[in-house]
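Structure record follows, encoded as structure tokens.
The values are calculated or read from the model by the stated rules, or taken from the named source; none is laboratory data. Small disclaimer: the values here were computed from a predicted structure and weren't measured. As a convention, Cβ positions derive from the backbone with ideal geometry for all residues, glycine included, and neighbour counts pool all protein chains shown. Just so you know, the surface numbers come from the protein's heavy atoms only, side chains and all, with ligands and any DNA or RNA stripped out. Shrake-Rupley method; radii C 1.70, N 1.55, O 1.52, S 1.80 Å.
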Amino acid sequence: MPDYTHNDHAARSRAEKARALATYLWDRDIDAAELRAFTPAARRKLARAAGTNPPSTDETWDVVAELLAEKAAWAARNPGHLAARRPHADEKLMWVKPPVTPWN
């Protein structure tokens, strides 16, 4: 039985979806570590917000995390480049909640 999840078409489709998701996350200042901390339900919601069908495996999410890490390294080397900007960073709060500081 052929493995349709790992043929050339599936790989191209996975890479295209990963790029779209990584772009959405980058624009919202969400990094690879934050992505990995998301629950599966939050990831599905995030994918829908990004305009893609949620990936059915973690393999695509792993690629997204790698793309985010690569882009962060590139942006650190090229901070003045337009592509290093994060135009929707204010939306990060919708996805990643800051830690609550106790009142002590």
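Is it true that Pro54 is over 20 Å from His88 (Cα atoms), modelled with pLDDT of 95 or more and either in a helix (DSSP H, G or I) or not basic (Lys, Arg) (or both)? Can you show your working first?
Numbers: over 20 Å from His88 (Cα atoms): yes; modelled with pLDDT of 95 or more: yes; either in a helix (DSSP H, G or I) or not basic (Lys, Arg) (or both): yes.
The answer is yes for Pro54.
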Just to be sure I understand the filter: pairs with C-beta atoms under 9 Å, separated by 6 or more residues or on different chains, first member in the range 61-84 and within 20 Å of Ala37 (Cβ to Cβ), second member loosely packed, with under 15 Cβ neighbours inside 10 Å and among the charged types (D, E, K, R). Which pairs pass? Trp61/Arg36; Asp62/Arg36; Val63/Arg19; Val64/Arg19; Ala65/Arg36; Leu67/Arg19
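Considering only the range 76-95, how many residues are farther than 12 Å from Asp27 by Cβ and either assigned to a helix (DSSP H, G or I) or out of contact with any helix residue (DSSP H, G or I) (no Cβ under 9 Å at 6 or more places or on another chain) (or both)?
7
Can you name the residue in the range 1-29 that is among the basic types (Lys, Arg) and open to solvent by 80 Å² or more (accessible area, probe 1.4 Å) and is also modelled with the lowest pLDDT among such residues?
Taking the range 1-29 first, the residues among the basic types (Lys, Arg) are 12, 14, 17, 19, 28.
Imposing the further condition that a residue be open to solvent by 80 Å² or more (accessible area, probe 1.4 Å) reduces the set to 12, 19.
On the way: Arg12: 90, Arg19: 97.
Checking each candidate, the answer is Arg12.
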Assuming Val100 fulfils every condition listed in (1) of a type in the set (Val, Ile, Thr); (2) within 12 Å of the chain's Cα centre (by Cα); (3) surrounded by fewer than 16 Cβ atoms within 10 Å (Cβ to Cβ) apart from one, which condition is it? (2)
